[in-house]
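Read-outs: derived from the displayed coordinates by stated rules, not from any lab. These figures come from a predicted structure and were not determined experimentally. We place every Cβ from the backbone using ideal geometry, glycine too, and count neighbours over all the protein chains shown.
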Amino acid sequence: MILDAFTAVMVVAGAVLFMAGTVGLLRFPDPLSRLHALTKVDNLGLGLIVAGLVPQSGALLALKLAAAWLLVQLSAAIVTQLIGRALRHRDPP
């Protein structure tokens, strides 16, 4: 029962962070601010969801969840750098 409550709290907290990232994407004025909102909040939200699901899963599924989260972290960092660099070359300061 405690694990179920922990899972529920973590998954709901992750979903709230995803919603906050969506609001930031819609409300922030420039593309770099939007990228910041998406990468920071969405990666943390996914981390909370994965942390909530790990106690409910077996060892192999927990390893797959952690690997997926790590892959999302790496790909988001790379893509954000590429988009930010392209934006900077398009509109120099």
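For Ser57 and Thr22, the difference between the fully extended length at 0.36 nm per residue and the C-alpha to C-alpha distance is 9.8 nm.
Rounded to the nearest Hz, the phi-derived 3J(HN,Hα) couplings of the range 5-19 under the Karplus curve 6.51 cos²θ - 1.76 cosθ + 1.60 (θ = phi - 60°) are 5, 4, 4, 4, 5, 5, 5, 5, 5, x, 5, 5, 5, 4, 5, where x marks glycine and proline. Between 0 and 90 degrees, the angle of helix 31-53 with respect to the longest Cα principal axis of the chain falls at about 10 degrees. Calculated from the structure at hand, Cα extents along the principal axes in Å is found among [x] 37, 29, 22; [y] 42, 29, 20; [z] 54, 26, 12 as [z].
Using mean Cβ contacts within 10 Å as the protection proxy, how do 66-73, 48-55, 8-15, 83-90 order, highest first? Display every interim value, and only then the final one.
Details: 66-73: 13.0, 48-55: 18.1, 8-15: 15.4, 83-90: 11.4.
My ranking of the peptides, most packed first, is 48-55, 8-15, 66-73, 83-90.
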